[in-house]
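Nothing in this text is a laboratory measurement; each read-out follows from the coordinates by a stated rule. Quantities reported herein were computed from a predicted structural model and do not represent experimental measurements. Cβ sites come from the backbone with ideal geometry, for glycine too, and all protein chains shown count toward neighbours.
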Amino acid sequence: MLLYLRLHGIGGIGIIRMSGKNCFEILEKIFKPKKQEKIEDIKGYTIKYGYIMENKKIIDEVLVSYFKGPLSYTTENMCEINSHGGNIIMKKILELCLENGAKLAEPGEFTKRAFLNGRIDLTQAESVIDVINAKSEKEAQAGVKQLKGGLSNEISSIKQEILDVMVNIEVAIDYPEYDVEEVTNQEIVNMLNSVEIKLNKLEKSFDNGKILKEGIKTAIIGRPNAGKSSLLNRILKEDRAIVTEFEGTTRDTIEEYVNINGIPLKLIDTAGIRNAKDEVEKIGINKSKEIAKNADLIIAIFDASKTLSKEDKEILEIIKNKKVIILLNKIDLKQVLHKNDKDFKEVTNSIIEISALNNIGIDNLYEEITKLFEINEINMDNELVITNIRHKNLINQAIESIKNAKEIVQGNMPIDIVAVYIKEILENLGNITGEFVTEDIINEIFSKFCLGK
């Protein structure tokens, strides 16, 4: 019997969830419905109006939702008490539940029970936290697709393709005395090639999945007063970074998320790169260079009203061979630098002239980011996208097992040796959906969940 302890905070409505075989018994001790009915007469997926009571004293006016197992989130009997969301009221109802036999739920315990009771597999359980933590519409769509069983169905289909061949291999090994048609090496190789193609497609989708889940790590670099902070403020549509006429205002990084065409960008405004004497500013500049080195995208901004300085040329060296967009800022002033200049063309063709102050050219920046990362090519209606690093690693292990199995087959090794490597593939795929996963991994996954899920 477990109880959901809600997160702290005040709201119009608060929800307390109980799940387990005794939840209705506990509820009956504290809930007085307006219309009294026996629990066996109450249908699942119904709501009853009434009061939470303590010693004939009304604590709150509530609505209670009933979910009867196995047709519930956990497959157990469940109820949800919808009360007023004040801390005092919620705390009192929680205390009454605990006093009458409930216990507090661990993080993710409801979803963990749904997994352990067989209602969902592990990929679907993991998608719950992905939906909750989604930072963009497309990330949420990827999570919902997985929650509906998209990845589970694909893995199941691939496993069935393997099993169709594996069952004949097992018969040949276990019952050699029977006259069964022997599986040829070519049949095994054809199956392994087919499975490898499908797994490679899933593995490659992680590049898009990583963008959906983590965003594009985008470093904004430039020398002091080139307009980095002004650009950040313009993109965020708020004064997030301090902008002054004095150089070196930004000494540490500022990080914010923003959505471009449904994909999150993790924008990092860095300290201006110059030869600083101040020790604190030096640390910030070194940090800027390190962030640029590890970024998925660099937005390098130059003051178009001034000739290239020593610092500007250092920045051009830093961004060589990186995915970069060059912005020539302050075109509202007398322009000295242009997008056809050789210094810029040697680095990239993604060069845009802007005025961050006057909001000129910012839409062109969005279009260039979309084009560079093929954001519009991610079709959540038709594509299955892997966003979980655990899934990617297990798919890679399965692909490695396929390669090993093909080597064994091509080496004309005995069929029982081939079977060992094919079973490894099945085990790797089973770990994705949770068939063979260890208790430690299960606990680690659900420890990342919030209370109440």
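Calculate the FRET efficiency for residue 55 and residue 117 from the Cβ-Cβ distance with a Förster distance of 35 Å, rounded to the nearest 0.05. It would help to have the intermediate numbers written out before the result.
On the way: r = 36 Å, r/R0 = 1.03.
Once rounded, the FRET efficiency stands at 0.45.
So, R0 is 56 Å and r is the distance between the beta-carbons of residue 333 and residue 204; what FRET efficiency does that work out to, to 0.05? Walk me through the numbers on the way to the answer.
Working: r = 45 Å, r/R0 = 0.81.
After rounding to 0.05, the efficiency reads 0.80.
Are any of the pairs 330/371; 289/313; 159/423; 266/322; 217/313 more than 19 Å apart by Cα-Cα distance, and if so, which? Display every interim value, and only then the final one.
Details: 330/371 24 Å; 289/313 14 Å; 159/423 10 Å; 266/322 17 Å; 217/313 23 Å.
Exceeds cut-off: 330/371; 217/313.
Assuming R0 = 45 Å, what is the FRET efficiency of residue 153 and residue 289, from their Cβ-Cβ distance, to the nearest 0.05? Show your work: numbers first, answer last.
Values: r = 46 Å, r/R0 = 1.02.
It comes out at approximately 0.45.
How much length would be gained if the chain were fully extended between residue 360 and residue 400, taking 0.36 nm per residue of separation minus their Cα-Cα distance, in nm to one decimal? Intermediate values should be presented prior to the final figure.
Values: separation 40, 0.36 × 40 = 14.40 nm, distance 5.04 nm.
Here the segment from residue 360 to residue 400 would lengthen by 9.4 nm.
If you add up the charges near residue 56, with Lys and Arg at +1 and Asp and Glu at -1, over every other residue whose beta carbon is less than 14 angstrom from its beta carbon, what do you get?
Values: positive: 29, 32, 57; negative: 54.
Summing Lys/Arg as +1 and Asp/Glu as -1 gives +2.
I'd like the antiparallel share, as a percent to the nearest 5, of DSSP beta bridges with both residues in the chain.
On the way: 35 of 54 bridges.
Within the chain, antiparallel bridges account for around 65 percent of the total.
What is the magnitude of the charge dipole of the chain about its Cα centre, with +1 placed on the Cβ of each Lys and Arg, -1 on the Cβ of each Asp and Glu, and no other charges, expressed in debye to the nearest 20?
On the way: 62 positive and 72 negative charges, 444 e Å.
The calculation lands at about 2140 debye.
Please give the contour-minus-distance gain from residue 95 to residue 21: 0.36 nm per residue of separation, less the Cα-Cα distance, rounded to one decimal in nm.
Details: separation 74, 0.36 × 74 = 26.64 nm, distance 1.95 nm.
Full extension of this stretch gives 24.7 nm more.
Taking 7 Å along the Cα-to-C-beta vector as the label spot, tell me the residue 167-residue 393 distance in nanometres, rounded to one decimal.
3.4
For a quick protection proxy, order the peptides 32-44, 85-97 by their average other-Cβ count within 10 Å, most packed first.
Numbers: 32-44: 10.2, 85-97: 17.1.
Put in order of decreasing packing, that is 85-97, 32-44.
Only Cα pairs under 8 Å and at least 6 apart count here; give the relative contact order of the chain as a rounded whole percent. Working shown, then result.
Working: 768 pairs, mean separation 71.1, N = 453.
It comes to 16 percent, rounded to a whole number.
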